[in-house]
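Just so it is clear, none of the values below were taken in a lab; they were calculated from the coordinates. Keep in mind it's a predicted model, so treat the numbers as computed, not measured. Cβ coordinates were reconstructed from backbone atoms using ideal geometry, including for glycine residues, and neighbour counts include every protein chain displayed.
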Amino acid sequence: MLTNIGRRAGESRHPGILIIGGAGYIGSHMVLALQAHGMTPIVLDNLSTGHRDAVINAECIIGDMSDKNLLREIFTKYNISAVMHFASFIEVAESVKNPAKYYHNNVANLFPLLDVMAECNIKQFIFSSSAAVYGEPQYNPVNEKHPLAPINPYGRTKRMVEEIITDYAASNGMQYAILRYFNAAGSDPKGRVGERHPHESHLIPLVLATARGERAHITVYGNDYATPDGACVRDYVHVTDLCDAHLLALQALQEGKQQLIYNLGNGQGFSVMQVIAAARSITGCNIPVNLAERRAGDPAILVADASLIKQELNWRPQFGNLHTIIEHAWGFSTNYVIPA
Ligand SMILES: NC(=O)c1ccc[n+]([C@@H]2O[C@H](COP(=O)([O-])OP(=O)(O)OC[C@H]3O[C@@H](n4cnc5c(N)ncnc54)[C@H](O)[C@@H]3O)[C@@H](O)[C@H]2O)c1
């Protein structure tokens with residue numbers, strides 16, 4: 001029930017944008033981006049991997065996206081006009097060990113949400129998909145026409161959700177944007193929020209944790225790939241640039257676009273060793289490396305062709321520079337103090 005929740009956002013009847021997963025890494029940045037553009041984000045999060053204190057100056061409802069009654073109350077009370085869905089489990093390795101956890105949360109929990117959206121006539125939906133839908137790249141940079149052939153349960157949940165969204169939209173007129181992120185990285189340039197996954201699996205935060213002495217070394221899986229320095233090459237896209245793309249997608253839906261599917265990436269690859277070298281120069285720390293065997297399913301190179309959203313929505317990423325991405329992540333991780 002929502003009775004104990006303040007009426008700040010709902011009172012004005014200004015349309016709210018529901019951010020499901022808004023207490024997580026990318027969702028908490030989205031809250032700030034919407035506020036900076038005069039919109040009213042409302043967060044729904046079950047805190048399974050998110051943090052209450054990552055939601056700054058916005059309504060934060062603690063609950064699960066599968067709770068239909070809660071969704072009905074939120075949609076009505078806050079005059080919700082659009083939903084942004086960030087609420088997935090995200091660890092590839094865990095999805096291989098425990099696929100049920102991923103299919104339940106990432107796929108099954110979508111149905112109550114889409115059903116209640118249809119019931120309440122909420123038409124605009126933005127979904128966080130992933131480059132994992134492409135699987136092993138057949139060419140680089142990868143554009144949206146690349147075959148969808150995910151190679152792990154996490155990627156398959158994302159492809160399934162994309163298909164479900166497409167089918168719902170065809171039957172009920174829902175407008176949608178599916179945004180396929182490559183490697184989200186960096187932090188709010190003002191350091192207000194950042195990446196705090198409870199079990200971190202992403203390279204940059206692991207490298208920075210090593211710099212802070214919280215880990216003995218950073219493991220590099222394979223140094224004999226067909227890349228300039230033998231290490232895997234990935235595309236790191238700044239979280240603030242991701243949020244800008246969401247704002248543009250939302251605006252396009254508001255202007256009447258029906259269906260949008262875009263890659264979100266830098267278009268430029270950086271190797272694991274380049275990331276470590278940049279982190280060493282930014283942090284001034286040694287960052288010991290432990291070389292290990294290649295991991296199954298790790299492509300040598302995975303880089304986005306994000307030209308479509310640049311052409312169609314005029315997306316202009318501001319923070320493509322690897323140095324800036326790591327500097328912002330380092331700034332957050334060294335200055336952040338958990339509120340008392
Ligand atoms: N981080 C990346 O590099 C990356 C790359 C590609 C795609 N994505 C996608 O972006 C989205 C956000 O990723 P993130 O890194 O911010 O993850 P995150 O774990 O930090 O955030 C997810 C949030 O969703 C919440 N949540 C999960 N299940 C929920 C449920 N059933 N009901 C309500 N809340 C729930 C969690 O508590 C958490 O706050 C995910 O869908 C992820 O698959 C992320």
As a test, work out the antiparallel percent of DSSP beta bridges whose residues both lie in the chain, rounded to the nearest 5.
5
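Once the piece of chain linking R316 and K97 is laid out straight, how much longer is it, given 0.36 nm per residue of separation minus the C-alpha distance between them?
Details: separation 219, 0.36 × 219 = 78.84 nm, distance 3.80 nm.
Result for the pair: 75.0 nm of gain on full extension.
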Just to verify a number: FRET efficiency for S281 and A226, C-beta to C-beta distance, R0 = 25 Å, to 0.05?
0.45
Going toward the positive end of the dipole of the chain, with +1 on Lys and Arg Cβ and -1 on Asp and Glu Cβ, which of I151, Q311, A185 do you reach last?
A185
Once you place label points 7 Å from the Cα toward the Cβ at E119 and A209, how far apart are they in nm?
4.0
GNM top mover of A216, A296, A185 - the chain, alpha-carbon springs below 10 Å:
A296
Hey, with R₀ at 51 Å, roughly what FRET efficiency would Q138 and L47 work out to, going by the Cβ-Cβ distance, to 0.05?
0.85
Pull out a ≥ b ≥ c, the square roots of the eigenvalues of the alpha-carbon gyration tensor of the stretch 123-191, then state rounded if a/c is under 1.5, prolate if not and a/b is larger than b/c, and oblate in the remaining case.
oblate
Based on the Cβ-Cβ distance from L308 to E163, what FRET efficiency comes out when R0 is 30 Å, to the nearest 0.05?
0.95
Let me know the charge dipole size of the stretch 280-340 about its Cα centre in debye, to the nearest 20, where only the beta-carbon of Lys, Arg (+1) and Asp, Glu (-1) is charged.
80
Given contacts defined as C-alpha pairs under 8 Å and at least six residues apart, what's the relative contact order of the chain, whole-number percent?
18
Indicate the gyration tensor shape class of the stretch 257-319 (rounded, prolate or oblate), computed on the Cα atoms with a ≥ b ≥ c the square roots of the eigenvalues: a/c under 1.5 is rounded; otherwise a/b larger than b/c is prolate and the rest oblate.
oblate
So, counting K/R as plus one and D/E as minus one, what does the shell of residues with Cβ under 15 Å around G331 add up to?
+1
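Which pairs in the list K257/K310; K123/K257; K97/K145; K97/K158; K145/K310 are over 21 Å apart, alpha-carbon to alpha-carbon?
Details: K257/K310 16 Å; K123/K257 11 Å; K97/K145 30 Å; K97/K158 17 Å; K145/K310 16 Å.
Checking Cα-Cα distances, K97/K145 exceed 21 Å.
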Under 13 Å between alpha carbons, and skipping anything fewer than 8 positions from K101 in its own chain: which aspartates and glutamates qualify?
E91
